[in-house]
Number of protein chains: 2
Amino acid sequence: MEKFIQIEGGLHSVRGIYTAGVSCGIKKGNKDLAIIYSEKESQSAGVFTTNIFRAAPVLITQKHLQNLKTQAIVVNSGNANACTGSMGLKNAQEMAKITAKALHLAEGNVLVASTGIIGTSLPMDKIREGISSAAGQLTHIGPDKAAEAIMTTDTFPKSMAVEMNLSGKKSYLAGIAKGAGMIKPNMATMLSFLCTDASIDAQLLKKALQEAVDQSFNTITIDGDTSTNDMVILLANGLAKNNTITEENTDFFIFQEALHFVTRQLARMIIKDGEGATKFIEIHVTGARNKKEAKHIAYTIAESPLVKTAFFGERCLWGRIIAAIGYSGVSLEPDQIDLFYGPIQIISEGVSTGREIEVAKILKQKEIKITVNLNIGQEEAKILTCDLSKEYITINMGYS
Amino acid sequence: MEKFIQIEGGLHSVRGIYTAGVSCGIKKGNKDLAIIYSEKESQSAGVFTTNIFRAAPVLITQKHLQNLKTQAIVVNSGNANACTGSMGLKNAQEMAKITAKALHLAEGNVLVASTGIIGTSLPMDKIREGISSAAGQLTHIGPDKAAEAIMTTDTFPKSMAVEMNLSGKKSYLAGIAKGAGMIKPNMATMLSFLCTDASIDAQLLKKALQEAVDQSFNTITIDGDTSTNDMVILLANGLAKNNTITEENTDFFIFQEALHFVTRQLARMIIKDGEGATKFIEIHVTGARNKKEAKHIAYTIAESPLVKTAFFGERCLWGRIIAAIGYSGVSLEPDQIDLFYGPIQIISEGVSTGREIEVAKILKQKEIKITVNLNIGQEEAKILTCDLSKEYITINMGYS
């Protein structure tokens, strides 16, 4: 994790990447429209929501990505343009078209993303004005302007950039992301846009992105809800002038590691900013028969409202974790299970060690690691989640 | 549903059933130990938790039920005697033994149940005192004394009794139940004890109970957590002197219907008393390919924290219901879906009807029916649930 130099500037740290973030009136007073622009056509790859009901912008972006010549991404927050029928598709297409026109690009080289409330048509007058305004404000100076404009219930912008050395050339990789509810495995209410100036073959770019997403955004859960709009996009414009990565050589390895690092950091930020979250929790299941069972048990624990609420209350109610393991559906022997809060073992071979007082201290921390050893195999999985607080209810009972 | 005369008295309405409920100090000040006693040995049947980690009392009760001669059930609340290892098993066995001794029964004719916190050993001194006290207070007069003593976070006792006419004889069926958290399909944190004075063959009793449970307790969810202690027990002591039901004749049909009615009513009470619940919600999925998919979609909607929180906030955020359908994993066409809040259609073939103002009125009601028509088949399923409120968090962050 420490192999890369973390740098300032967000997406602007990448050569040839310009951004703008403006307020066009979808969300009262806050920034709600962003453009990310690459001065050069980019290889591009995407990973999308597994929700069957993909929002209109997801459909348009999946189509345009096939060109592999992306030069801009236009994103609005405050309205997801999901469940909006044929009008929604027309509007998403129009967002690409207007952006393309403003930036003198081919329509197919523009990707579109939306996030926010489901089922309401986009206010296209505002969107048109926003795109026009953003296109005029694109800049490469200072911190990037997009991270803030894509936020919904997020409380802070999420941005991460690193420097890589690829075949002797300095190269940069940066990303932004947004949460903060409807966060569950398989691309759940989140958007993330990643840019690099590395030169890399499109197939390898796609492979690297899928692997990075699987070990970052696909290992987190806030509330178990999977949204209709999630996407992760990675653009590579080649301006670093490194030897183009066309095989799985050392440069590819460095690039993949950098991408792992950036996506993991963004995923952690999403969990830290989970709606109402007061605790950052890692669930580590070890000693499993296979990875699938390990991951399933970790998710079952991470998504139990009772487990999450106990973390909020800072209570050592380990029985709720044991109960969740027990209803996960995985065949297990209770009397083989070990359970740890941080380094403190509370359950040894299915029986309490009575160390509740030590656990109580761990539970006061902001970051808590739970380790479950099933002691039936060699496989493991880690899932990141947060607690369930009253604030989550407040945020979601009134969100509109 | 209206075929049976609902009567007062709870379990006492059944001939030969005596109850006692006492406070023995497990829960400060509240009743926490109950005995249900039949003056005659009873045919008995049970349905148990699907959690792999079955609590000690579940294991003992499953063993004793094989005798088919149950005469008493001893239940404590405040401590689940779950995840308590060999000491837990010994204690559960001892509960049966002490109760048997106090009532001059064979140990194997006593069933044991516990509910409450997981992972702490039973305070056996208190339990012994409680059993002795309860055994001396058994009564058949007035309302039954057990419904209150089995409560944990429940806010009201749950009891239901009906009169049946079996082959010209008046016969009675009654039950009590407790919730109120860790409530999910397949026998989740709940106990229910049912008694009847009907005479019925043991195999038919078992069959009737399983069918009744499948259409009542197994169609509800509060928080998606399945407990280690759930059980439903049905005793039939034959004191009604009806012609013993030995085949699936008219009497069996009447008995099954009565049992459906009582268990459904108890299941409804559990949901109405769900931890922190302010709304009673029925999710009805119709037009499905098969029952399994219909039930799975209904549960996915019913367990979405975002859907539940929107009900608490009385907000018409139908996009959350559509998103939940979309991530259920069932293959569907979005543009075939109809969605209703009460009688108001908000989605027609995947597109909003714009009737939010009418839906807002429905959302102010205490009982709300949601109907989803998938329009791809003929099968359907109903699930009962409640909203997710701040009070749920308050109850569960501090419960101990």
Next on the checklist: Let me check against my output: what whole-number percent is the relative contact order of the range B:129-175, with C-alpha pairs under 8 Å and at least 6 apart?
Outcome noted: 22
Item to check | Normalised per residue, the volume of the convex hull around the Cα set of the range A:58-111 (Å³) | outcome: 69
Item to check | Cα-based convex hull volume of the range B:5-272 per residue, rounded to whole Å³ | outcome: 104
Item to check | CD proxy at 222 nm, helix term only [per DSSP H run n ≥ 4: -39500 (n - 2.57); per residue of chain A; nearest 500] | outcome: -10000 deg cm²/dmol
Next on the checklist: To make sure I understand the rule: partners must be aspartates and glutamates, Cα under 20 Å from the Cα of residue B:279, and not fewer than 8 residues away in the same chain. Which ones qualify?
Outcome noted: A:391, B:154, B:223, B:225, B:303, B:314, B:356, B:358, B:367, B:387, B:391
Checklist entry - Using +1 on the beta carbon of Lys and Arg, -1 on that of Asp and Glu, and nothing else charged, what's the dipole of chain B about the Cα centre, debye to 20? => result 820
Checklist outcome for this item: Taking Cα atoms, the helix A:124-136 axis meets the longest principal axis of chain A at an angle in degrees (rounded to 10) of 80
Checklist entry - Regarding the range B:280-398, what is the average projected area of its C-alpha convex hull, in nm²? => result 6.9
Next on the checklist: Within 12 Å, Cβ to Cβ, of residue B:203, how many net charges do the neighbouring residues add up to if Lys/Arg are +1 and Asp/Glu are -1?
Outcome noted: -1
Item to check | Signed unit charges on C-beta, dipole axis of chain A, positive-most listed residue A:280, A:119, A:10 | outcome: A:119
Checklist entry - If you average the sequence gap of Cα pairs under 8 Å that are 6 or more apart and divide by the length of the range B:5-272, what percent do you get for the contact order? => result 26
Item to check | Axis proximity, chain B to A: residue whose C-beta lies nearest, plus whole-Å distance | outcome: B:390, 2
Checklist entry - How long are the three semi-axes of the equivalent ellipsoid for the range A:1-118, computed from the Cα gyration tensor as the root of 5 times each eigenvalue, in whole Å, largest first? => result 24, 18, 16
Checklist entry - How well do other chains shield peptide A:228-234, expressed as the mean number of their Cβ atoms within 10 Å of each residue Cβ? => result 1
Checklist outcome for this item: Computed over chain A: longest principal axis from alpha-carbon atoms vs helix A:56-65 long axis, angle to nearest 10 degrees, is 70
Item to check | Nearest-0.05 FRET efficiency for residue B:40 and residue B:139, computed from C-beta distance (R0 22 Å) | outcome: 0.85
Checklist entry - Exposure proxy check: A:65, B:317 ranked by fewest other beta carbons within 10 Å? => result A:65, B:317
Next on the checklist: Restricting to bridges with both residues inside the protein assembly as shown, how much of the DSSP beta-bridge set is antiparallel, in percent to the nearest 5?
Outcome noted: 70
Next on the checklist: Can you tell me what percent of all Cα-Cα pairs in the protein assembly as shown are more than 50 Å apart?
Outcome noted: 24
Checklist entry - Taking the Cα centre of the range A:74-203 as the origin, how large is its charge dipole in debye, to the nearest 20, when only Lys and Arg (+1) and Asp and Glu (-1) carry charge on their Cβ atoms? => result 100
Item to check | Longest to shortest principal axis, alpha-carbon extents of the range B:1-54, angstrom | outcome: 40, 32, 28
Checklist entry - Thinking of the range B:260-326 as a set of Cα atoms, what percent of all their pairs are more than 18 Å apart? => result 46
Checklist outcome for this item: Distances in nm between the label point of residue A:5 (7 Å along Cα→Cβ) and its equivalents in the other copies, shortest first, are 9.0
Checklist entry - Using the count of nearby Cβ atoms within 10 Å as a rough guide to exposure, how do A:77, A:132, B:328 rank from fewest to most? => result A:132, B:328, A:77
Checklist entry - Which distances in nm, rounded to one decimal and ordered from shortest, link the label point of residue A:243 to the equivalent label points in the other identical copies, with labels set 7 Å from Cα toward Cβ? => result 9.4
Item to check | the range A:16-111: relative contact order as a whole-number percent, Cα under 8 Å and 6+ apart | outcome: 29
Item to check | Cross-link pairs beyond the 30 Å C-alpha cut-off, checked among A:63/B:291; B:3/B:158; A:390/B:28; A:178/B:366 | outcome: A:63/B:291; A:178/B:366
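Read-outs: derived from the displayed coordinates by stated rules, not from any lab. The structure presented is a predicted model; accordingly, all values stated were derived computationally and were not measured. Heads up, the Cβs are rebuilt from the backbone with ideal geometry, glycines too, and the neighbour counts pull from every protein chain shown.
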